[in-house]
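The values are calculated or read from the model by the stated rules, or taken from the named source; none is laboratory data. These figures come from a predicted structure and were not determined experimentally. Methodologically, a virtual Cβ is constructed for each residue, glycine included, from the backbone with ideal geometry; neighbour enumeration extends over all protein chains shown.
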Amino acid sequence: MGTVLNALVKLQSVENQLRAAKAKLARCRRSVILKENQLRTLQNSLEAKKEEIQLTQIQADRLELELKSTDETLAKYRAALNAAKSNKEYAAILTELNTTKADSSKVEAQTLELMKNIDADKQQCKEIEQQIEKEKEELGEIRKEAEEMAKKYEDEIAQIEQQWQVASSEVPNETLKIFQRVAETYDGEALAEIEVQDDKSGTYTCGGCFMSLTTETANTLLSRDEIIRCPNCTRILYFKEAESL
């Protein structure tokens, strides 16, 4: 195993560390985003509930006006009863009066139901507002903690990036381009160890995709310092011995 593969194995180790550090930074920031989303959901829920209260109040106000108008109509019917000149006229007015009273009772019941709904919605608004305040406090704490952790991870990433530059400088330019291209495809895992299934029969597999490899591929890798890629997944192949740095 030659210097190029050894350099690639070193670079792979640093690449893994770099991606792990970046993942920790992303998770750290994601916790803030998740809490912000939760807060935004509550705020949207509060606005929707307030709008619902407004619409219900408009409906209740309309029924209140209808009740006032009905009260005026009832007053007119009562006055007409006193002025009725015959039993027939009295009975007709009384029927209208009772019918209007019944309709008014229904409207009044609807109004009371709407007012109960408004009171319940207002109570829900108070509860949501309390939740929002709690979420804001938690968000502040999470942001503070996330900022501290982010600074730590950013410093760690900066150090590892320097190590990456040193490690990559030991790899030929064209080989480095291949490494970076494959690394982007497989989330940083550009190299795959050749696994020996049966040493006697010369059975080998790619540690990345587990597809069979020819004995010729393994022998070439052992005898030459050149890049050999898995014909199936295109990862750069190496033997475990290349890790003895």
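Residues are listed down the side, and each one gets a yes or a no for (1) part of a helix (DSSP H, G or I); (2) in contact with a helix residue (DSSP H, G or I) (Cβ under 7 Å, 6 or more places away or on another chain); (3) surrounded by fewer than 13 Cβ atoms within 10 Å (Cβ to Cβ); (4) free of Cβ contacts under 8 Å to residues at least 60 places away in the same chain:
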position	(1), (2), (3), (4)
104	yes, yes, no, yes
124	yes, yes, no, no
152	yes, no, no, yes
174	yes, no, yes, yes
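Answer with yes or no whether residue 62 is of a type in the set (Lys, Arg), out of contact with any helix residue (DSSP H, G or I) (no Cβ under 8 Å at 6 or more places or on another chain), assigned by TED's automatic domain parsing to the domain that holds residue 112 and in contact (Cβ under 8 Å) with a residue 40 or more places away in the chain. Against the criterion (of a type in the set (Lys, Arg), out of contact with any helix residue (DSSP H, G or I) (no Cβ under 8 Å at 6 or more places or on another chain), assigned by TED's automatic domain parsing to the domain that holds residue 112 and in contact (Cβ under 8 Å) with a residue 40 or more places away in the chain), residue 62 does not qualify. Only residues that are outside any helix (DSSP H, G or I) and without any contact (Cβ under 8 Å) to a residue 40 or more places away in the chain were counted across the range 176-228, and they come to 21. Scanning the range 131-164 for residues that are among the polar types (S, T, N, Q) and within 30 Å of residue 45 (Cα to Cα) turns up just one, 131.
Any idea which residue in the range 209-236 is modelled with the lowest pLDDT, counting only those that are of a type in the set (Ser, Thr, Tyr) and exposed (fewer than 14 other Cβ atoms within 10 Å of the Cβ)? The qualifying residue modelled with the lowest pLDDT is 223. All but one of (1) more than 28 Å from residue 129 (Cβ to Cβ); (2) touching a residue at least 40 places away in the same chain (Cβ under 8 Å); (3) among the acidic types (Asp, Glu) hold for residue 52; state the number of the condition that does not hold. If we test residue 52 against (1) more than 28 Å from residue 129 (Cβ to Cβ); (2) touching a residue at least 40 places away in the same chain (Cβ under 8 Å); (3) among the acidic types (Asp, Glu), just (1) comes out false. For residue 168, state whether it is under 30 Å from residue 52 (Cα atoms) and in contact with a Leu (Cβ under 8 Å, 6 or more places away or on another chain). So residue 168 fails the test.
Taken over the range 1-44, the criterion of being among the polar types (S, T, N, Q) and over 28 Å from the mean Cα position of the chain (by Cα) is satisfied by 3, 6, 12, 13. Go through the range 75-89 and report how many residues are of a type outside the set (Gly, Ala, Ser) and touching a helix residue (DSSP H, G or I) at 6+ places or on another chain (Cβ under 6 Å). Residues flagged as of a type outside the set (Gly, Ala, Ser) and touching a helix residue (DSSP H, G or I) at 6+ places or on another chain (Cβ under 6 Å) within the range 75-89 amount to 2. In this structure, does residue 153 turn out to be in the same structural domain as residue 229 (by TED's automatic domain parsing), of a type in the set (Phe, Trp, Tyr) and under 28 Å from residue 25 (Cα atoms)? No. Residues in the range 83-91 include none that are free of Cβ contacts under 8 Å to residues at least 12 places away in the same chain and under 30 Å from residue 190 (Cα atoms).
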